[in-house]
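**Q** Below is the structure I would like to discuss, written out as structure tokens.
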Amino acid sequence: MESHSHLVVLISTVKKLALLQKEIVECRRCPRLVNWREEVARVKRKSYIDQEYWGKPVPSFGVDEPSILIVGLAPGAHGANRTGRIFTGDSSGDWLYRALHRAGLAKFPTSTSREDGQELFKTRITCAVRCAPPGNKPSTMERDNCSHFFVKEMELVMPSLKVVVALGGFAWQAVTRQLLGMGENLKRIPRFGHGVELQWIGKDGNSRLLVGSYHPSQQNTFTGKLTQAMLDQVMKRAGRFSR
């Protein structure tokens, strides 16, 4: 009886997540972001001139009942905005998927397109903002316009969730704000930093973990602020806690 009940809930969640993904892709709420993402898709980078860019808001990627939720800032202009899959087709994605693969959370160490056969295991990747922003800096209004997507997604995946990985300070703030808004009892939220952790007991009585990581952007990886070993450590920690 319990397994049947779980199956009914899962089917409902899958349907709601699919509808949410559709709603995300169709969004045109922020004029500046719409103009930018479409201009980038039209002009293109020279090395991708023969490719058709996605040029729309980017949906989440991964399983519908995740134990681990990875939260980034926003799609890359010539990465996810080109490929249509989050953290795919740019340097940040290369770093992230290598770490996920080594932690046993991804089928392949690369993510190049929506048709490459990549799969995530017990993991889902999302972003606080769904459109590629100019200079990789969404405005406060754009963040707030997009937050209702994040709210819905967090509510839908929370029952299965054990770990949230926030990639960067922007994602850390978005996650903690949302958890507090959901009534989760977060005490003494630490300042964001690489490897910073916050463990709490959820309203449902389950233990959960929020862990921070520097974002695998080029400004962090090129300067050595974030090394592959540092990112590997965070993903392996998430994998162990989620067992």
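The values are calculated or read from the model by the stated rules, or taken from the named source; none is laboratory data. No experiment lies behind these values; they were computed from the predicted model shown. Neighbour counts are summed over all protein chains in view; Cβ atoms, including those assigned to glycine, are modelled from backbone coordinates with ideal geometry.
**Q** Among the residues of the range 178-189, which ones are in contact (Cβ under 8 Å) with a residue 12 or more places away in the chain and of a type outside the set (Asp, Glu)? Talk me through it step by step, then tell me what you get.
**A** As a first pass, look at the range 178-189 and keep what is in contact (Cβ under 8 Å) with a residue 12 or more places away in the chain: 178-179, 181-187, 189.
Answer for the range 178-189, where residues must be in contact (Cβ under 8 Å) with a residue 12 or more places away in the chain and of a type outside the set (Asp, Glu): Gln178, Leu179, Gly181, Met182, Gly183, Asn185, Leu186, Lys187, Ile189.
**Q** Right, next: Quickly run through the range 152-170 and pick out the residues that are more than 13 Å from the chain's Cα centre (by Cα) and among the hydrophobic types (A, V, I, L, M, F, W, C). So that I can check it myself, show each step before the final result.
**A** Filtering the range 152-170 for residues more than 13 Å from the chain's Cα centre (by Cα) gives 152, 155-156, 158-162, 169.
Those that are more than 13 Å from the chain's Cα centre (by Cα) and among the hydrophobic types (A, V, I, L, M, F, W, C): Leu156, Met158, Leu161.
**Q** Against the condition of a type in the set (Val, Ile, Thr), free of Cβ contacts under 8 Å to residues at least 60 places away in the same chain, in contact with a helix residue (DSSP H, G or I) (Cβ under 7 Å, 6 or more places away or on another chain) and under 25 Å from Phe87 (Cβ atoms), how does Val211 come out, does it pass?
**A** Numbers: of a type in the set (Val, Ile, Thr): yes; free of Cβ contacts under 8 Å to residues at least 60 places away in the same chain: yes; in contact with a helix residue (DSSP H, G or I) (Cβ under 7 Å, 6 or more places away or on another chain): yes; under 25 Å from Phe87 (Cβ atoms): yes.
Yes, satisfied.
**Q** Here are some residues: Phe170, Phe150. Which one is buried (at least 20 other Cβ atoms within 10 Å of the Cβ), closer than 23 Å to Leu198 by Cβ and touching a Leu at 6+ places or on another chain (Cβ under 8 Å)?
**A** Answer to the selection: Phe170.
**Q** Shifting gears a bit: From the list Ala80, Ala74, which one is farther than 16 Å from Glu115 by Cβ and modelled with pLDDT of 95 or more?
**A** Values: Ala80 fails: farther than 16 Å from Glu115 by Cβ.
Unique residue meeting the criteria: Ala74.
**Q** Let me ask something additional. Taking the range 42-100, which residues are among the aliphatic types (A, V, I, L, M), buried (at least 24 other Cβ atoms within 10 Å of the Cβ) and in contact with a Phe, Trp or Tyr (Cβ under 7 Å, 6 or more places away or on another chain)?
**A** Ala80, Ile86, Leu96
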